[in-house]
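Written out below as C-alpha cells is the structure these notes cover.
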Amino acid sequence: MAHTNQQRKRIRQTETANVQHTATRSRVGTLVKKFETALAAAKPEQIASAFKLAMSELAKAAQKGAITPGAASRKTSRLAAKAKKLTTKA
C-alpha cells in the first residue's frame, strides 16, 4: 500500500496512462485489421486509404508512448511490404 502522497499520485497517473494506452493500442489493432481486410478484398483504393490510417495511428501511438517507436516502425514497414506486394501484382 502506498504510504506517501507521491506514491499515491504515481498510482493514479499509472492507472490513467494504462487506460489511455489500452484504448490507443486497441485503435491501432482495429485499423490494422481493416487494412488486412482491404488486402483480402484486393481493392487498391481501399488498401491505400487503410494503410494511410493505420500508419498514422501507429505513429501517434508511438509518440504517445502506447507502443515503442521500434514496434511502430516495424509494423509500418511490414504493412507497407504487404501493400506493395499486392499492388505490384495487380
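Please treat every number below as a calculation from the coordinates, not as lab data. Keep in mind the model is a prediction, meaning the values are calculated, not measured. Cβ: placed from backbone, ideal geometry, glycine included. Neighbour counts: every protein chain shown.
Confirm whether Ala61 is within 26 Å of Lys85 (Cα to Cα) and out of contact with any strand residue (DSSP E or B) (no Cβ under 7 Å at 6 or more places or on another chain). Give the derivation first.
Working: within 26 Å of Lys85 (Cα to Cα): yes; out of contact with any strand residue (DSSP E or B) (no Cβ under 7 Å at 6 or more places or on another chain): yes.
Yes.
For segment 61-81, a residue qualifies if it is loosely packed, with under 15 Cβ neighbours inside 10 Å and in contact (Cβ under 8 Å) with a residue 12 or more places away in the chain, and the qualifying residues are Lys64, Gly65, Ala80.
Can you find, within segment 29-58, the residue that is farthest from Val19 (Cα to Cα) among those that are of a type in the set (Gly, Ala, Ser) and surrounded by 15 or more Cβ atoms within 10 Å (Cβ to Cβ)? For segment 29-58, the residue satisfying everything is Ala38.
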